[in-house]
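The structure appears right after this line, and notes come after that.
The values are calculated or read from the model by the stated rules, or taken from the named source; none is laboratory data. Just so it is clear, the structure is predicted and the values come from calculations on it, not from any experiment. Please note: Cβ atoms are built from the backbone with ideal geometry, for glycine as well, and neighbour counts cover all protein chains shown. Just so you know, the surface numbers come from the protein's heavy atoms only, side chains and all, with ligands and any DNA or RNA stripped out. Shrake-Rupley method; radii C 1.70, N 1.55, O 1.52, S 1.80 Å.
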Amino acid sequence: MIKFSASILAADLSNLKSEIQRVEPFIDEIHLDIMDGHFVPNLTFAYPILDAVKKCTNLPIDAHLMVTNPEFHVEKLIKLGVDKITIHIETSNHIHKLITQIKNADIQAFITLNPGTPLNTLEEIISDVDGVLIMSVNPGFSGQKFIAKSLEKIKKLKEWKMKYGMDYLISVDGGINSENIQTVVNAGADILIMGYGIFKNEQLEDLSKAYRK
Ligand code: DX5
Ligand code: ZN
């Protein structure tokens, strides 16, 4: 079953609680984009916002770390009670250690990679993670255009999964909308992370119903 994850970066943050409650019936997870202004050219949420989100919903929370020092944040995120931590392969020389730390805390560990990073960089870690997130935009902002080449990566990941009998989930983040959603699902996505596609979508109920089946 396809899952919807709502990236609150595209929500009206002055009404965060009502925004979350408005989309809650149609989604499965909240996606929190944590950016540090170093790894990506934008600054976003930190721990107080995570606390606030937790007070607004019981849905699982995915912390997408777009920071140069993920090792500074993993412990704290675990303590604050996120359900999944997603780390960029480009950001640590100690990916195995971090993934192990997350898994030992009984939290889902996802690995992700920028559009310009080849899939084969995941070779050593892929059997240890719960999922792989394919970035279909260059990280930093909501509302960007889907990079069509990402579809090849999604298909290849799906192929590997079948060929080697692995069970990681495939998640896709960036630029997904009502027009390209079918192609993304057909390519092999299990989880669709959407900012604009959820918070600025008048037909969210229909879309969610159609893809949750
Ligand atoms: C981009 C973020 C995405 C983004 C998705 O750096 O990681 O999660 O908020 O937003 P849309 O769906 O609007 O591209
Ligand atoms: Zn994200």
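Some observations on this one:
- The accessible surface of the chain, taken with every protein chain in place and a 1.4 Å probe, is 50 percent carbon and sulfur.
- Whether segment 101-174 is rounded, prolate or oblate, judged on the alpha carbon gyration tensor where a/c under 1.5 counts as rounded: oblate
- Taken about its Cα centre, the chain carries a charge dipole of about 260 debye when Lys and Arg each add +1 at the Cβ and Asp and Glu each add -1 at the Cβ.
- Taking N as the residue count of the chain, its C-alpha radius of gyration divided by 2.2 N^0.38 Å amounts to 0.94.
- Here's the picture: charge each Lys and Arg Cβ at +1 and each Asp and Glu Cβ at -1 in segment 3-212, and of ILE198, ILE154, ALA11 the one pushed furthest to the positive end of that dipole is ILE154.
- Label-point separation in nm, ALA105 to MET166, each point 7 Å along Cα→Cβ: 2.3
- Legend: helices of the chain (whole DSSP H runs) are marked when their alpha-carbon atoms reach 30 angstrom or more along the helix axis and their mean Kyte-Doolittle hydropathy is at least -1.0; nothing is marked.
- Linear extension gain, LYS145 paired with LYS209, 0.36 nm per residue minus alpha-carbon span: 20.6 nm
- Taken per residue, the accessible surface of the chain reaches 48 Å², heavy atoms only and a 1.4 Å probe.
- Ignoring lysines fewer than eight residues from LYS200 along the same chain, the ones with Cα atoms less than 30 angstrom from its Cα are LYS3, LYS17, LYS54, LYS55, LYS84, LYS145, LYS149, LYS153, LYS155, LYS158, LYS209, LYS213.
- Only beta bridges with both residues in the chain are counted; by DSSP, about 5 percent of them are antiparallel.
- Annotation: extensible slack from ASP12 through TYR47 equals 10.7 nm (criterion: 0.36 nm per residue apart, minus Cα-Cα distance).
- Extension gain for the segment GLU152 to THR183, taken as residue separation times 0.36 nm less the Cα-Cα distance, is 10.0 nm to one decimal.
- Longest DSSP-loop-exposure-free segment, GluC sites (Glu not before Pro), the chain, at most 13 other Cβ within 10 Å: 1-122
- Near LYS3, the amide H atoms lying under 5 Å from its own belong to ILE191, LEU192; only residues 5 or more places off or on other chains count, and H is placed 1.01 Å from N.
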